[in-house]
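Everything on this sheet refers to the single structure shown next.
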Amino acid sequence: MNTRPSPGLTVAAWLGAAFLHIPLLLIILYAFTSEDRTYTFPPPGLTLKWFPVAFARADMWEALWLSVRVALFATVLAVLLGSLAAAAMSRAAFRGKDAFSLLITLPIALPGIVTGIALLTTIKRVGLEPGTLTIVLGHATFCIVTVYNNVVARLRRISPSQLEASADLGARPLQSFRYVLLPHLATALLAGGLLAFALSFDEVIVTTFTAGSQQTLPIWMFGELFKPRDRPVTNVVAILVMLVTLLPILLTQRLSSGGEEIHGGGKSS
């Protein structure tokens, strides 16, 4: 049986890959351009001068560290809440279970602007001032989904008899969790956490509504796009964002190749 794809399918696949990746390659190319305003193609010259200029920007580093802190806190919150929700949904049976499952996954399916408006309204009603805390809470709403999907899929594959056998042998609940359940869930938690970090790190729309005067790195980059002389600097920082985001994606793919579930989805804009 011939399993090779047809020439038409191969061409379509390459065209799709080109459509996705040529814009990224152009960003990398124009990080080295000798021009500071226009995007002439091909660039009139290539230079490395924009890299030290970008790395000397204190406001860029401040925005970067804020993005890293927010992503870490949002990931921790998502792992805790997503795991608890997955445990309840995989074991409990109650009326409205399907509707509750839909509510958990809804924030990542809705357009980002809808989620952002809803979060801003809630923040104002409870009397919080937009800042780092509200950014973390906003990002956690959709990061929970990545952890929940991975953990609930793994829990459905674990037989309850394993925990029952552990209890019959005299293990306390914490011991059963540590020695029986956690080894099964470890890679699912890691995969969900890595995807949550990547989603939080480059989120723009929800952050716009929840950040107040704070600037994460994507918000900083968006503002720099309106300054013509800083466009090459923005491209240099975009390369940095690609590298930071690429690492979690490569790690999740590594886990996926080992037979793990990677259920992330994409945040709608």
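The values are calculated or read from the model by the stated rules, or taken from the named source; none is laboratory data. All values reported here derive from a predicted model rather than from experimental measurement. Ligands, DNA and RNA are excluded from the accessible area calculation, which covers all protein heavy atoms including side chains. Shrake-Rupley method; radii C 1.70, N 1.55, O 1.52, S 1.80 Å.
Output ³J(HN,Hα) for the stretch 233-241: one whole-Hz value per residue in order, computed from phi by the Karplus curve 6.51 cos²θ - 1.76 cosθ + 1.60 with θ = phi - 60°, and x for Gly and Pro.
5, 4, 5, 4, 5, 4, 4, 4, 5
Just by accessible area at a 1.4 angstrom probe, what is the order of ILE135, ILE205 from largest to smallest?
On the way: ILE135 0, ILE205 50 Å².
Order by accessible area, largest first: ILE205, ILE135.
Counting only residues 5 or more places away or on other chains, whose amide H sits under 5 Å from the amide H of THR33 once H atoms are built in the peptide plane?
Close amide H contacts, sequence-distant or interchain: THR47.
Might you work out the accessible area of LYS49 for me, using a 1.4 Å probe with all protein chains in place, and round it to the nearest 10 Å²?
100
Accessible area per residue, 1.4 Å probe, Å², for the stretch 14-153: what's the number?
Details: 7930 Å² over 140 residues.
Heavy-atom SASA per residue in the stretch 14-153 reads 57 Å².
Quick one: ranking GLU62, GLU224 by accessible area, 1.4 Å probe, largest first, what do you get?
In descending accessible area the options line up as GLU62, GLU224.
Quick one: pull the percent of accessible area on the stretch 1-142 belonging to carbon and sulfur, 1.4 Å probe, ligands and nucleic acids left out. Don't skip to the end; give the middle numbers.
Details: 6800 of 9130 Å².
Carbon and sulfur together cover 74 percent of it.
Can you compute 3J(HN,Hα) from phi for each residue in the stretch 55-60, using the Karplus curve 6.51 cos²θ - 1.76 cosθ + 1.60 with θ = phi - 60°, rounded to whole Hz and x for Gly and Pro?
6, 8, 7, 5, 5, 5
Once you sort the root eigenvalues of the Cα gyration tensor of the stretch 204-245 as a ≥ b ≥ c, which label holds: rounded (a/c under 1.5), prolate (a/b larger than b/c) or oblate (the other case)? Could the numbers behind the result be given before it?
Values: a/c = 2.90, a/b = 1.34, b/c = 2.17.
The shape class here is oblate.
Starting from the residue with the highest accessible area, list VAL68, VAL126, VAL236 in decreasing order, probe 1.4 Å.
Details: VAL68 35, VAL126 95, VAL236 5 Å².
Per-residue accessible area, sorted high to low, gives VAL126, VAL68, VAL236.
So what are the stretch 52-151's ellipsoid semi-axes, whole angstrom, largest first, if each one is the square root of 5 times an eigenvalue of the alpha-carbon gyration tensor?
Numbers: eigenvalues 191, 57, 26 Å².
Output for the stretch 52-151: semi-axes of 31, 17, 11 Å.
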